[in-house]
Amino acid sequence: MFSQASMPSTSSVLSAYTTFAASAMVVKTMLHEVKTMAKQLIPQQLQEKILSGIGRLIGDQSSYQMTLVIEEYNGYAMNQIFEASEIYLQTKISPSVDRLRVSQAPREKNILVTISKGEKVIDLFEGIQLKWEMVSSAEKQLAMGDKGERRSIELSFLKKNMEKVLSSYLPYVVEMSEMIKEENKVVKLHSLGNPQGGAVVGGGAWGCINLDHPSTFETLAMDLNLKEELIKDLDRFVRRRKFYKRVGKAWKRGYLLYGPPGTGKTSLIAAMANYLKFDIYDLELSNLLRNSQLRKILVSTKNRSILVIEDIDCSAELQDRQAGRYNQPNTELTLSGLLNFIDGLWSSCGDERIIVFTTNHRDRLDPALLRPGRMDMHIHMSYCTPYGFKTLASNYLGVSKHRLFPKIERLITEVEVTPAEIAEELMKSEDADVALEGVVEFLMSAKIVGKEVGEEGITERQDVVVETKRQKIWSEGIEGFDYMPPASSMSFL
C-alpha cells in the first residue's frame, strides 16, 4: 500500500503531463521536418522505405499501407469488381484460412467454396504482396422488405504499389474471373427476393437458383423457318456491340412471344437462355408498387441476361397513360413507367440485355408496347404443326419415321392442338406403336369436338368447352370409333 505522503502532488502530475505533451509535440515537429527534408534531398523510393520504417517503429500503419474497399453494390447496380474478386479468391484459398462458406446447388456437380466473413487471403502479384479480407455487416431493411447483410471486400497493400494495383492487378483479377466464369458457366434463374423465403445473401433484390431446364432449339416443337430466323437474330444481336454504339442505340433487344397456352413460350425462353448462356431474371409486375422499383430492378440485373415478363396482359393492372386513377389504390405502377423502363433513359444502364414478354392475347396489349424498340420481334407460337409433331416424336419416342406419321400429319393440319397436348399423349407409352395410335385417336376426337364447337357458332377456341365436348364423346361413344379416354381424364364413382 502507498502512503498518502508518498503519492505525487497534483502540481507534479500536471507538470509531468505538460513535459510529456511538449516532448510529443517536438517529436511530431521533427518528423514533419524530416519528411520535408526528405522530399527535397532524398529520392522518392528511398523516402518511402525510410518513412515506412519509421512508421513501423512508432506503430503508424497508415503511413505505408493502403486499403481499397470494394462494395458489393455500386448504387443500385452490382459492383463488377466485387463479383470478379469473389470469383478470383475461390482460386486463392489456402490452408491458413479457418472459415469457409460452402454451398452446392441441386444437381450441380461442383461444390462452391468461398471465404467467410473476417477471413483473410494473401496473394502475390509481380513481387507485390496483397491482402484480401471479406467484410460483412448487418443491414436493417432492404428495398424489397427483407433483412440481409451488406458485404464488401477489402484489399490492402503498400501505398507505393497503388498505381500497379489499379492499372495491372485489378484488371488481371477481372480477366481471370471472366475465364473462370466462362469455364464453369451455369445459367441462373433469378427471382425477386430469396426463393427460400429468407433474406437475400448480399442484400440484393434478386435471389437465384441454377436453371436446369433442358430445353434447346433442337428440342423445340416450333416452325423450322421461325426457329432459324430467331437464332440468326440472336446471333446478330450479340455480335453487334460496335454497331449499337455507332448508331446511338442501347445494346438491348425485345421479343414478344404470343399464342395459346401450351404452345411452348416458356420452353422457348429457356432455349434462348441455354443457347446464349444468359441468366434469366423472372419479373412479376404484380410484386411491384411503383415505377421507381422498376428502375432499381433494371439496373440491378447483370449484363448478358434475359429479363422475362410473362403474361404481360394480366400480370398487373397498369394504369393507362390517359387514365385518371389507378385501379389498385395502393400501387403507382403505370404504363408510362413500364414504357420508360423498356426503352427510356434507364434502359441504357447495361449492355447485351434481352427483354422477353409473353402473352396469350396480343390484341389486349397497348399499341405503345408493341412498337419496335420495345418489342422488336414478334414471335407467334402456334398450334402444333407437322414439323413440330416430328420433333416431339423424335424427342419422346426416338423415332423419325413411322407408318402412322402421314395420317397424324394430315390430322394435325385439320385440328388445333398444342404441342403440350401432343407431348402428353406421347408420354403415355414408351412403345412407339401404342403411343402414336393414342395420338391418332386423340386427334380424331379433337377433330370431332372442333366440328361440333364450330357448328354451335363458337368462333374462339375455348379449352373448357372443348374438354366438356370430349368428355361427352367419351361417355356416349362414337359410332365406328373405338376409343377409351386416358386414365387421367376418367373419374370413377
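Where a number appears in this text, it was derived from the coordinates with a stated rule and is not lab data. Since we're looking at a predicted model, the values are computed, not measured. As a convention, Cβ positions derive from the backbone with ideal geometry for all residues, glycine included, and neighbour counts pool all protein chains shown.
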* Asked: Check Tyr73: other-chain or 5+ apart residues with amide H under 5 Å from its amide H, H built from backbone geometry?
  -> Asn79
* Structure fact -> Once phi for every residue in the range 215-226 is put through the Karplus expression 6.51 cos²θ - 1.76 cosθ + 1.60 (θ = phi - 60°), the whole-Hz ³J(HN,Hα) values, with Gly and Pro written as x, are 5, 9, 5, 5, 9, 6, 8, 10, 3, 4, 5, 5
* Per-residue HN-Hα couplings for the range 385-390 [Karplus 6.51, -1.76, 1.60; θ = phi - 60°; Hz; x = Gly/Pro] -> 10, x, 5, x, 4, 4
* To do: Mind checking the full-extension length gain between Arg246 and Asn210? Use 0.36 nm per residue of separation minus the Cα-Cα distance, one decimal, nm.
  => 9.4 nm
* To do: Compare the peptides 385-398, 111-124 by average per-residue count of other Cβ atoms within 10 angstrom and give them in order, highest first.
  => 385-398, 111-124
* **Set Lys185/Lys242; Lys188/Lys242; Lys401/Lys428; Lys131/Lys164; Lys227/Lys249; Lys227/Lys447 screened for pairs whose C-alpha atoms are more than 21 Å apart** => Lys185/Lys242; Lys188/Lys242; Lys227/Lys249; Lys227/Lys447
* Asked: If you project the alpha carbons of the range 349-447 onto their three principal axes, what span does each projection cover, largest first, in Å?
  -> 54, 30, 20
* What list of ³J(HN,Hα) values in whole Hz, one per residue of the range 179-185 in order, does the Karplus curve 6.51 cos²θ - 1.76 cosθ + 1.60 (θ = phi - 60°) give from phi, with Gly and Pro shown as x? -> 5, 5, 4, 5, 5, 10, 4
* Structure fact -> For Arg410, the net charge from surrounding residues (Cβ-Cβ under 15 Å; K, R +1; D, E -1) works out to 0
* Asked: Roughly how many nanometres apart are two label points built 7 Å out from the Cα toward the Cβ at Lys296 and Asn395?
  -> 3.9
* Structure fact -> If amide H atoms are modeled at 1.01 Å from N in the peptide plane, then the residues at a separation of 5 or more from Ile355, or on another chain, having amide H under 5 Å from its own are Arg253, Gly254, Tyr255, Leu307
* Amide H contacts of Cys384 (H built 1.01 Å from N, under 5 Å, at least 5 apart or other chain) -> Val417, Thr418
* About the Cα centre of the range 375-456, how large is the charge dipole given +1 on each Lys and Arg Cβ and -1 on each Asp and Glu Cβ? Please answer in debye to the nearest 20. => 400
* To do: Using the charge dipole of the range 237-300 (Lys, Arg: +1 at Cβ; Asp, Glu: -1 at Cβ; taken about the Cα centre), state which of Gly259, Ser292, Ala270 has its Cα farthest towards the positive end.
  => Ser292
* **Scattering profile of the range 230-274 at q = 0.23, 0.24 Å⁻¹ [log10 I(q)/I(0), Debye over alpha-carbon scatterers]** => -0.87, -0.91
